[in-house]
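Asks: Before anything else, here's the structure in question.
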Amino acid sequence: MMLPSLQLQDLHERFSERLVPWHRSVQFWVRAADIYTGYKVCQLRARFVRDREKVEALWERQHEVAAGKMYSLCSELGGMFLKAAQILGKPDLAPAAWVKRLVTLCDQAPATPFEVVQKILESELGQSFDETFEQFDVNPIGSASIAQVHRARLRSAQTDVAVKVQHPGVQHLMTVDIHNLQAFVLFLQKTDIKFDLFSLTKEVEKQIGYEFDFLREAEAMERIRDFLDSNNKKSPVIVPRVIGGMVTRKVLVMEFIDGIPIMKLGNEMAKRHIDPGGRIASMAKRKILKNMTLAYGQMILEDGFFHADPHPGNILICKDSEVALLDYGQVKQLPDDLRLGYAKLVLALADRDIPKASQSYKELGIETRSNCDDEQRELFHLAERMFDTRRPPGVTIMSPFAEDSSIRKVGVESFPEELFCVLRTIQLLRGLSVGLGINYSCSDLWRPIAEEVLLKAGRLKR
């Protein structure tokens, strides 16, 4: 009698596994439709209200309601939607209500049970758990959509390490999620947003596929670490060192970096009774922002190989305000033509050269369609919003639904997939500048790097 019972249980488990993707898809579409409809209704109601303050209050209430729904969607479904929360949870990309809710989702994915983690480590590293580790924190430091990280101490080296372990069985579900997102953004492109969002989701799909290979991540980490060390007297950011012989496709053991998550920097200053508006805090903030900007400028413009998963959960602030950049699962290699083309755009933005910026857009393969009189000037404003961190006075967010949005005047019909990772980097730096209260131009800081790169390539005369 036991055999039929076991077979029935196995059949039930297989059937349940098959139903999970369908259930996730239904959940996504029901919730996405609810959020979208709420905004469209608010947009319609706002047209019949003449008082500007009442319109703003109307939108604020809508943002609060939508933020709660978006938080529920991302936290309950997890997977790819936690990645979406990381992208949207930036002060310059989403309303303040959204940022306040979504930013709390960094490193808060459901953790894999310790017993499962232990079995994965023994299977992947080929030796017993107790032989490998002298100490191992059962509770992870952080758990993201693809993996979780534990602090541990190796018996062989007597040093603390960070142990990254992949969640089992999540890759298939994330593929389902990204396909649903692709269908949704195609709908948005046809109805509301004049921007090639579909290419963005294709690039995200490609990058997420890479994230499940920790061998690739270890190689990328070492390459970027070596480049920044050799390119500077002192690297502008700290890159963890990989522990040799302790890397597989599902496990990555690396140097443990002791620091404060950048999202908790304000709390740490309060604990130490440091005035956030004072001279010490201001110097620390500027150092953090300058070093992050310099590191990304060198990676993107000089090497073309760069860290492509920029979000606050991957940034630690260490002793003396040094910055540590974590998680190299997503990296990008820019082709030379795009790297040099982007260097030209950086020069045009830094010099505020409107015709050159327009020409650079064409050389980069960014196809636009305009319905305004001064196309070149509007295109330059769009380039500033997309590829520079400087914000117009009083502006902290950019909403695709806003009536004065640049993409309502200049539609972006085609955008190179490879450049979306650069775009994400700019959004991270701008988001950090908003959070730190510093308005600056990354193009101004990158201008000398871009100029030198173009001179070496023979694309610019001295």
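The values are calculated or read from the model by the stated rules, or taken from the named source; none is laboratory data. What you see is a predicted model, and the numbers here were worked out from it, not measured in a lab. So basically every Cβ, Gly included, is an ideal-geometry build from the backbone, and we count neighbours across all protein chains shown. Note: areas computed on protein heavy atoms with side chains; ligands, DNA, RNA excluded. Shrake-Rupley method; radii C 1.70, N 1.55, O 1.52, S 1.80 Å.
Asks: State, as an integer percentage, the relative contact order of the chain based on alpha-carbon contacts under 8 Å between residues 6 or more apart.
Replies: Relative CO of the chain lands at 14 percent.
Asks: Quick one: of Lys202/Lys362; Lys233/Lys362; Lys83/Lys332; Lys287/Lys456; Lys69/Lys190, which pairs are farther than 26 Å apart, Cα to Cα?
Replies: Listed pairs above 26 Å: Lys233/Lys362; Lys287/Lys456.
Asks: Taking all protein chains together and a probe of 1.4 Å, list Val170, Val20 from the most accessible to the least accessible.
Replies: Reading off the accessible areas and sorting them downward yields Val20, Val170.
Asks: Assigning unit charges at the beta carbon (Lys, Arg +1; Asp, Glu -1) and nothing else, what dipole magnitude in debye, to the nearest 20, does region 185-274 show about its Cα centre?
Replies: About 220 debye.
Asks: Moving on. Quote the convex hull volume per residue of region 289-373, based on C-alpha atoms, as a whole number of Å³.
Replies: Spelled out: Cα convex hull of region 289-373, divided by residues, is 139 Å³.
Asks: Treat every Asp and Glu Cβ in region 33-185 as -1 and every Lys and Arg Cβ as +1, leave all other atoms uncharged, and give the resulting dipole magnitude about the Cα centre to the nearest 20 debye.
Replies: 920
Asks: Report the extension gain between Arg50 and Glu76 in nm, rounded to one decimal, defined as 0.36 nm multiplied by the number of residues separating them, less their alpha carbon distance.
Replies: That pair, Arg50 and Glu76, stretches by 5.5 nm at full extension.
Asks: Rounded to whole Å and sorted largest first, what semi-axes of the equivalent ellipsoid does the C-alpha gyration tensor of region 160-221 yield via the square root of 5 times each eigenvalue?
Replies: After diagonalising the Cα gyration tensor, the semi-axes are 31, 13, 9 Å.
Asks: Would you mind giving the three semi-axes, in whole Å and largest first, of the ellipsoid equivalent to region 108-163 according to its Cα gyration tensor?
Replies: 19, 13, 8
Asks: Give me the one-decimal nm value for the distance between modelled label points at Glu115 and Thr159, 7 Å along each residue's Cα-to-Cβ direction.
Replies: 3.5
Asks: How far apart, in nm, are two points set 7 Å out from the Cα along the Cα-to-Cβ line at Asp351 and at Val138?
Replies: Here the modelled spin labels are 6.3 nm apart.
Asks: How large, in percent, is the carbon and sulfur part of the accessible surface of region 327-397 at a probe radius of 1.4 Å?
Replies: Its accessible area is 44 percent carbon and sulfur atoms.
Asks: Apply the Debye scattering formula to the chain, with a single equal point scatterer on each alpha-carbon and no solvent, then give log10 I(q)/I(0) at q = 0.08, 0.09, 0.13 Å⁻¹.
Replies: -0.51, -0.65, -1.34
Asks: Could you point to the residue in Val242, Tyr361, Ile274 farthest towards the positive end of region 227-383's charge dipole, with +1 and -1 charges on the Cβ of Lys/Arg and Asp/Glu respectively?
Replies: Ile274
Asks: Using Cα-Cα distances under 8 Å and only pairs 6 or more residues apart, what relative contact order does region 167-300 have, in percent?
Replies: It rounds to 18 percent for region 167-300.
Asks: Determine by what factor the alpha-carbon radius of gyration of region 156-272 differs from 2.2 N^0.38 Å, reporting the quotient.
Replies: After normalising by residue count via 2.2 N^0.38 Å, the value is 1.43.
Asks: Determine the dipole magnitude for the chain: charges of +1 sit on the beta-carbon of Lys and Arg, -1 on that of Asp and Glu, nothing else is charged, the reference point is the Cα centre, and the result goes in debye to the nearest 20.
Replies: 1260
Asks: Compare the Cα positions of Ser72, Ser443, Pro335 along the charge dipole of the chain (+1 at Cβ of Lys, Arg; -1 at Cβ of Asp, Glu; about the Cα centre) and return the one farthest towards the positive end.
Replies: Ser443
Asks: Given a 1.4 Å probe and every protein chain left where it sits, what share in percent of the accessible area of region 211-277 is carbon and sulfur?
Replies: Of all accessible area on region 211-277, carbon and sulfur atoms account for 49 percent.
Asks: Using the heavy atoms of the protein chains alone and a 1.4 angstrom probe, what is the accessible area of the chain per residue in square angstrom?
Replies: I get 50 Å² per residue for the chain.
Asks: Further, regarding this structure: Per the Kirkwood definition applied to all pairs of different Cα atoms, how many angstroms is the hydrodynamic radius of region 70-188?
Replies: 16.1
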